[in-house]
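Everything below concerns the one structure shown next.
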Amino acid sequence: MGRAQLSYTTKDYASIRQELLDRVPQLTDRWTDFNASDLGVVLLELFCGIGDMLAYYLDAQAAEAFLPTARQRQSILNLCKLIDYRLATPVAASTTLRFTLPTALNQDLLIPAGTPCRALLDEGQVDFETIEDALIPRGSVQIETSARQGVRKRETFTGSGAPWQRLTLPGKAIAQGTLSVRVNGSAWQEILHFQESDPDSPHFLSETDHLDTTTLSFGDGRHGAIPASGIAIEASWLETLGAEGNLGPNRVTQVLTPIYLGGSRIRLSVTNPIAASGGSDRETYDHARAQAPAELRTLWKAVTQEDYRTLAEGFPGVAKAQILDTNDCTNIRYYNVHMAIAPCGGGIASPVLKRDLASFLEERKVVTVEIRLFDPIYRAIPIGAEVYTWPTEQPDQVRSRLEQALRDFFDFERVSFGQTVHFSDLVALLDGTPGVSHVRMTSPDGDIAVGRGEIPVLGEVHLEMKRAQ
């Protein structure tokens with residue numbers, strides 16, 4: 001008698017049960033009762049259940065070894081780490097703060113970096129912190145400076161003198177790029193790995209796991225310096241709200257710490273003349289699955305147009321990028337790359353985000369290339385239609401569904417630079433909304449081609465509600 005073979009593709013309960021039942025006649029002719037009440041069938045089904053469970057866990061474990069199929073955040077973190085890609089922690093929104101004096105002073109007034117300010121909202125408070133020193137010259141009443149959203153946190157540890165010392169930070173929403181470490185008062189540099197660190201290099205490494213717990217690691221005396229035993233290690237970072245920090249203009253109104261000049265407290269008002277933008281929550285699985293291989297293909301160097309776009313979209317705070325045009329004159333061997341960028345959450349990128357992105361690309365571009373960053377143009381698409389509802393539907397409820405469907409269709413996360421708005425998609429969207437019998441579009445009357453550097457957004461909506469006969 002030949003040996004029966006079980007298929008490796010039939011690993012669910014029903015398939016395993018059928019495979020085993022089919023094999024019984026090949027083993028014995030005395031087992032003829034296959035009713036569910038038979039003791040043999042009960043035992044067989046018990047093993048089938050255990051086999052189904054084991055197969056599930058084996059498949060799940062295998063799936064975690066590949067980036068496209070991994071579902072656990074820690075697995076994605078580990079896989080991306082193999083190619084030197086780190087998932088972004090929450091990104092702090094950035095803006096410009098304008099400080100104003102009631103009257104001009106006869107001395108320069110210094111507003112130090114790290115000055116906290118606050119916006120009071122109905123749903124709570126949102127704090128910002130200045131990035132650099134700002135100086136109001138004597139005779140002037142106003143100065144503008146850059147700021148990031150977040151609350152400054154600090155934690156002090158003690159060096160153990162042991163190699164590979166690890167310290168766990170208490171913060172769970174540490175803003176990307178805001179972590180700093182000082183050992184015995186001296187600033188240490190954050191790196192991605194210790195491979196190129198000398199024995200006395202003041203380097204540290206930070207890693208954030210799937211629970212958003214951040215751990216600091218120091219060297220072993222061969223690759224990276226060891227903090228001496230008993231020495232003070234101070235970690236400082238911004239704890240951010242992420243996407244909730246994207247506020248509109250003129251929302252910041254309070255200076256939280258007093259500013260003094262010559263021992264006297266100075267009255268100072270503050271506001272943000274531009275919206276805070278670029279804030280985002282921690283990087284999602286889908287973004288990491290797409291971005292990590294894309295950045296690996298660039299080898300972290302900007303050479304082609306696709307390289308510039310990929311590196312820009314991987315920069316914390318940037319959601320979308322598009323190359324507008326390039327000057328590829330072969331005679332002078334000098335190139336201009338014009339790129340439009342849109343920050344996370346939409347709107348216009350703040351000056352500090354543009355500056356940081358330009359600095360990031362400057363380190364990776366070819367020497368003869370000059371990069372210029374531009375703001376996106378948000379192309380408003382007006383929608384007009386005659387909507388015929390079923391007689392049993394309430395027109396106001398149907399209108400509300402239609403407006404929500406249009407907002408979802410033009411959601412910032414779903415549209416991209418230069419995306420054509422197809423007439424048929426709009427008709428299908430409105431016509432497929434529950435409660436709608438049929439529609440007649442009045443605006444637009446055809447496909448709308450969106451130009452380079454433009455992002456489609458929802459414009460004015462005019463819906464004339466009628467009942468179908």
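No value in this document is a laboratory result; all are computed from the given coordinates. Since the structure is predicted, the reported quantities are computational estimates derived from the model, not experimental observations. Every residue, glycine as well, gets a Cβ built from its backbone with ideal geometry; the counts of neighbours run over all protein chains shown.
With a Förster radius of 60 Å applied to the beta-carbon distance between His193 and Gln469, the computed FRET efficiency rounds to 0.25. Relative contact order of the chain, taken over Cα pairs closer than 8 Å and 6 or more residues apart, is 13 percent. Averaging 1/r over each pair of different alpha-carbon atoms in the stretch 234-379 and inverting the result gives 17.6 Å, the Kirkwood hydrodynamic radius. Which label belongs to the value computed from this structure, given these candidates for semi-axes √(5λ) of the Cα gyration tensor in Å: (1) 49, 39, 24; (2) 32, 29, 21; (3) 83, 36, 19? Working out semi-axes √(5λ) of the Cα gyration tensor in Å from the coordinates points to (1). In the frame of its principal axes, the stretch 13-63 has Cα extents of 41, 21, 12 Å, reported largest first. Whole Å is fine, so just give me how far the alpha carbon centre of the stretch 362-433 lies from that of the stretch 191-210. The stretch 362-433 and the stretch 191-210 have Cα centres separated by 44 Å. Between 0 and 90 degrees, rounded to the nearest ten: what's the tilt of helix 13-27 against the longest Cα principal axis of the chain? Taking the Cα atoms of the chain, the angle to 13-27 is about 30 degrees.
Excluding same-chain neighbours fewer than eight residues apart, the lysines reachable from Lys81 by a Cα-Cα span under 28 Å are Lys153, Lys172, Lys301, Lys320, Lys354, Lys365. Divide the volume of the convex hull around the Cα atoms of the stretch 165-286 by the residue count and you get 173 Å³ per residue. Semi-axes of the equivalent ellipsoid for the stretch 378-467, computed as √(5λ) from the eigenvalues of its C-alpha gyration tensor and ordered from largest down, come to 25, 12, 10 Å. Temperature 4 °C, viscosity 1.567 mPa s: under these conditions the Stokes-Einstein estimate for the stretch 35-92, based on its Kirkwood radius over C-alpha pairs, is 90 µm² per second. Relative contact order, whole percent, for the stretch 163-317 stands at 20, derived from Cα pairs under 8 Å and 6 or more residues apart. What is the percent of Cα-Cα separations in the stretch 425-469 that go past 11 Å? In whole percent, the share of Cα-Cα pairs in the stretch 425-469 beyond 11 Å is 75. Restricting the trypsin sites (Lys or Arg not before Pro) of the stretch 11-105 to loop positions (DSSP other than H, G, I, E, B) with no more than 10 neighbouring Cβ atoms within 10 Å leaves Arg30, Arg71.
The distance from the alpha carbon centre of the stretch 211-289 to that of the stretch 40-111 is 20 Å, rounded to a whole number. Residue-normalised convex hull volume from the C-alpha trace of the stretch 121-214: 173 Å³ per residue.
Helix-only arithmetic for the chain: the sum of -39500 (n - 2.57) across DSSP H runs with n ≥ 4, divided by the residue total, places the mean residue ellipticity at 222 nm at -7500 deg cm²/dmol. If R0 equals 45 Å, the separation of the Cβ atoms of Trp164 and Glu132 corresponds to a calculated FRET efficiency of about 0.85. Once both labels are positioned 7 Å from their Cα atoms along Cα-to-Cβ, the gap between Phe34 and Lys153 label points is 6.1 nm. Considering only DSSP beta bridges where both residues belong to the stretch 285-374, give the percentage that are antiparallel (nearest 5). About 55 percent, rounded to the nearest 5. Take the Cβ atoms of Gln18 and Leu54, set R0 to 30 Å, and the FRET efficiency comes out at 0.95.
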